[in-house]
Amino acid sequence: MTKLKILVSAPIKHLETKRKILNKNFKCKYINHNHHNKINLLLKKSDGWICSPSPKKLISLENYPNIKFIKFIATPSTGTTHISNKLIKNTSIKILSISMDKKIKTIKASSEYTFSLALTLIKKINLARKYVNLGYWREKETHLRSNELFNKTAGIIGYGRIGKNLNTYAKAFGMNTIIYDPKFKNNNFNKINNIKLIQDNCHIIFICINFTFNNLNFINKNFFSKLKKRPFIINTSRGEVVNEADLLYALKSKLISGAGLDILKNEQNLDINNNKLVKYSKKNQNLLITPHIAGLTFESEYKAMSITIELIKKFYK
């Protein structure tokens, strides 16, 4: 039986055992995800593409014209915002995402990171490290005083895999939780599907919804204007879910106490030096931005590549 010819631009050097499995089952060509012209040339000779989950360029017909020759794109990620919506909807190319497999429940990296980002921001850990490096010890304690999480209320918008994990973590810290997810049905939750409960009661709000065009700018000026507790906003979902201009307004107007972001809008065309949120974060300690690394662990990438390989086998026996 002829082996599928697969182009692999997803990072894999640190996953040697998975590379061996790929080579055993398929005919693979490996390439750096930043070599756009070479990728386009190789696509013409490939059956499928295991893409990087965070490419510099949007995966589209415009950027990669030869993509029309392949049968599938497999991404070792749950999200697919790095793949053109036009490509997903208007071509016969099959999109394989690890969200299609139940084993993603064993991947905890993004959930752990999301809660860690909240702790770093709220406990001012990043600022404390900065002061030590500047030669201060207890001299700056007025600027470093923070709050306990115990007995505070966390709002979780989106009760999927990550939202469920965050609920567990928050409970372990003695927090109360309010869930918002219209798709989730469970009689054990009497505080559900009412966004106003989150706006009225929460000290921290975790944004965990999947990005679709229905929830583009789901968090906006209208949402911020109704907040009662000046909460911390934590977003490791997708940048498109939060209106960035409105978030900046909320920070400057002190409608929120701070924000922790692991993502920004339109990352495939991101001009990081001119991004207004990045500029603000350089001068203000109530905004913490990290470079989309919530899922970047050895264990999660190992599991994600395992699932990706199994998905390809399943669809292309």
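A few notes on this one:
- Any chance THR142 is of a type in the set (S, T, N, Q), open to solvent by 80 Å² or more (accessible area, probe 1.4 Å), touching a helix residue (DSSP H, G or I) at 6+ places or on another chain (Cβ under 9 Å) and assigned to a helix (DSSP H, G or I): no
- Residues in segment 1-43 that are farther than 15 Å from PRO53 by Cβ, among the charged types (D, E, K, R) and under 27 Å from the mean Cα position of the chain (by Cα): 3 in all.
- Qualifying residue in segment 29-47 (condition: crowded, with 18+ Cβ neighbours inside 10 Å, under 24 Å from GLY295 (Cα atoms), in contact with a helix residue (DSSP H, G or I) (Cβ under 8 Å, 6 or more places away or on another chain) and of a type in the set (Gly, Ala, Ser)): no
- Any hit, segment 171-178, residues being small (Gly, Ala, Ser), surrounded by 15 or more Cβ atoms within 10 Å (Cβ to Cβ) and closer than 24 Å to SER237 by Cβ: no
- Cβ separations smaller than 9 Å between residues 6+ apart or across chains give the following pairs from segment 126-139 residues that are touching a residue at least 12 places away in the same chain (Cβ under 8 Å) and closer than 12 Å to GLN285 by Cβ to residues that are among the polar types (S, T, N, Q) and not in a loop (DSSP other than H, G, I, E, B): ASN126/THR120.
- Failed item, numbered, when THR75 is tested on (1) in contact with a helix residue (DSSP H, G or I) (Cβ under 8 Å, 6 or more places away or on another chain); (2) of a type outside the set (A, V, I, L, M, F, W, C); (3) surrounded by fewer than 17 Cβ atoms within 10 Å (Cβ to Cβ): (3)
- Annotation note: Cβ proximity below 6 Å between a residue of segment 256-276 that is within 13 Å of LYS56 (Cα to Cα) and a residue that is outside any loop (DSSP other than H, G, I, E, B) and among the β-branched types (Val, Ile, Thr) (sequence gap 6+ or interchain) occurs for ILE272/VAL278.
- Check on ILE289, out of contact with any Leu (no Cβ under 6 Å at 6 or more places or on another chain), at negative phi and aliphatic (A, V, I, L, M): no
- Any strands (runs of 3 or more DSSP E) falling wholly within segment 1-109 and containing at least 1 residues that are touching a Phe, Trp or Tyr at 6+ places or on another chain (Cβ under 9 Å) and without any contact (Cβ under 8 Å) to a residue 40 or more places away in the chain: 72-75, 94-97
The values are calculated or read from the model by the stated rules, or taken from the named source; none is laboratory data. The structure displayed is predicted, hence computed values, not measured ones. For neighbour counting, all protein chains shown are included, and Cβ atoms are generated from backbone atoms with ideal geometry for every residue, glycine included. Please note that ligands, DNA and RNA were not included when accessible areas were found on the heavy atoms of the full protein model with its side chains. Shrake-Rupley method; radii C 1.70, N 1.55, O 1.52, S 1.80 Å.
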